[in-house]
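Heads up, the thing below is written out as structure tokens.
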Amino acid sequence: MYGVVTRNVPEVDWPEFSRAFYEVKSVSGRPSDPISNATNMVSCFADNAAAGENPDLVPVDEAGQEATRDRKYFDWAYICPTHDAYREGLLEIIADCAEANPDVRLDDVGFPREGYCHCERCEQRFEASDYEEWTEWRASIITDFVAEASDRVPGDLSVTLYPDPYPGHLYERAGLDLDALSEFVDEFVVPLYDLDYGTTYWLETIGRGFRTALGGSYDPNGQEPDTPFSVELYAVDVDVDNLIQVAEIADTYAKDVLFGYDAAQASAAIRRKDADQREGESYGPE
């Protein structure tokens, strides 16, 4: 199936899309009211507005460097996942989304990168925990949050993953334990963004990697992953022919293919693809 990821309410009902995701809270911190006819999306621990208003929310590494977009490698400002008030606020937003539509998607779940967070609160909580390894404690923080979110979501819970399926990388980077999260998550979503998709071999490699990382076979005709995953493509100003080609590749490995933030270009690609398939059909004698 093909779906759309959008900030524009009317686009969720376009007939070309079998699924729709509506951004209720983005990394900018901009809030919108959840809607009933799409899966509402919440950016969890990424929030430029909140970080700008309250620097105490921002994670720091051992050198005290903040995880904000002013620093290399960060496209937005992060929020520490152990901040209780912010976390409770997120869970309230998630509950509101679930009241509008039973399915909810969580974006930006996890710590910013390796080395985060070493704020005073995180240091104290790790010391008071039963964990000997810091990475295990970090992963428990994220798993507990997703479990709490799951309790508030009566339908399917989707979680976005950073596009790195190499063994151990998501765990070390963000505190994402895929095996533990799979108990609470119905679907993972992997954004594989490019500005033109002029080459696609890397997308196939990542798709195969996530099939095996989630318990399936790298062969798309083999065992399916224990937890399904969908691929999200970037559609803004991407050539329609390139978008069709990359969608076909993604569709080989993923459950569904989603198009992000340009519904018009995405719908054009889907219509062209459907038209090409109809023109290519041939019927022999019965």
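Derivation of every value follows stated rules applied to the coordinates shown; laboratory data play no part. Keep in mind the model is a prediction, meaning the values are calculated, not measured. Note: ideal-geometry Cβ built from the backbone for every residue, glycine included; neighbour counts use all protein chains shown.
When segment 182-217 is limited to residues that are among the charged types (D, E, K, R) and under 14 Å from the mean Cα position of the chain (by Cα), the one that is surrounded by the most Cβ atoms within 10 Å (Cβ to Cβ) turns out to be Glu187. For segment 46-66, the criterion of a residue being in contact (Cβ under 8 Å) with a residue 40 or more places away in the chain, within 18 Å of the chain's Cα centre (by Cα), part of a strand (DSSP E or B) and within 13 Å of Tyr116 (Cβ to Cβ) is satisfied by at least one position.
With the requirement that a residue be under 14 Å from Ala264 (Cβ atoms), out of contact with any helix residue (DSSP H, G or I) (no Cβ under 6 Å at 6 or more places or on another chain) and touching a residue at least 40 places away in the same chain (Cβ under 8 Å), what does segment 15-38 give you?
The answer is Phe17, and nothing else.
Restricted to segment 31-45, and to residues there that are of a type in the set (S, T, N, Q) and touching a Phe, Trp or Tyr at 6+ places or on another chain (Cβ under 6 Å), the residue that is farthest from Cys117 (Cα to Cα) is Thr39. Of Asp108, Asp33, Asp75, all but one fail to be charged (D, E, K, R), within 21 Å of the chain's Cα centre (by Cα), surrounded by fewer than 14 Cβ atoms within 10 Å (Cβ to Cβ) and under 22 Å from Tyr171 (Cβ atoms); the exception is Asp75.
Would you pick out the residues in segment 144-176 that are surrounded by 20 or more Cβ atoms within 10 Å (Cβ to Cβ) and out of contact with any Asp or Glu (no Cβ under 7 Å at 6 or more places or on another chain)? If the condition is that a residue be surrounded by 20 or more Cβ atoms within 10 Å (Cβ to Cβ) and out of contact with any Asp or Glu (no Cβ under 7 Å at 6 or more places or on another chain), then Phe145, Val146, Ala149, Val153, Val159, Leu161, Pro165, Ala174, Gly175, Leu176 are the ones that fit.
The residues of segment 17-30 that are among the charged types (D, E, K, R) and surrounded by fewer than 17 Cβ atoms within 10 Å (Cβ to Cβ) amount to a single one, Arg30. Check whether at least one residue in segment 229-243 is of a type in the set (A, V, I, L, M, F, W, C), surrounded by 19 or more Cβ atoms within 10 Å (Cβ to Cβ), farther than 30 Å from Arg152 by Cβ and in contact with a strand residue (DSSP E or B) (Cβ under 8 Å, 6 or more places away or on another chain), and report yes or no. Yes, there is a match, as at least one residue in segment 229-243 is of a type in the set (A, V, I, L, M, F, W, C), surrounded by 19 or more Cβ atoms within 10 Å (Cβ to Cβ), farther than 30 Å from Arg152 by Cβ and in contact with a strand residue (DSSP E or B) (Cβ under 8 Å, 6 or more places away or on another chain). Taking segment 13-30 as the range and being farther than 13 Å from Arg105 by Cα and either more than 18 Å from the chain's Cα centre (by Cα) or of a type outside the set (A, V, I, L, M) (or both) as the test, the residues that pass are Asp13, Trp14, Pro15, Glu16, Phe17, Ser18, Ser28, Gly29, Arg30. Among the residues making up segment 197-226, those that are under 18 Å from Gly168 (Cβ atoms), touching a residue at least 40 places away in the same chain (Cβ under 8 Å) and in contact with a helix residue (DSSP H, G or I) (Cβ under 8 Å, 6 or more places away or on another chain) are Arg208, Phe210, Arg211, Ala213. It is to be established whether one or more residues within segment 115-136 are within 24 Å of Phe210 (Cα to Cα) and without any contact (Cβ under 8 Å) to a residue 40 or more places away in the chain. Yes, some residue in segment 115-136 is within 24 Å of Phe210 (Cα to Cα) and without any contact (Cβ under 8 Å) to a residue 40 or more places away in the chain. Exactly one residue among Ala95, Ala100 is closer than 25 Å to Asp151 by Cα, in contact with a strand residue (DSSP E or B) (Cβ under 7 Å, 6 or more places away or on another chain), surrounded by fewer than 19 Cβ atoms within 10 Å (Cβ to Cβ) and in contact (Cβ under 8 Å) with a residue 12 or more places away in the chain, and that residue is Ala100. Every test in (1) surrounded by 14 or more Cβ atoms within 10 Å (Cβ to Cβ); (2) touching a Phe, Trp or Tyr at 6+ places or on another chain (Cβ under 7 Å) is passed by Tyr86 save one, and that test is (2).
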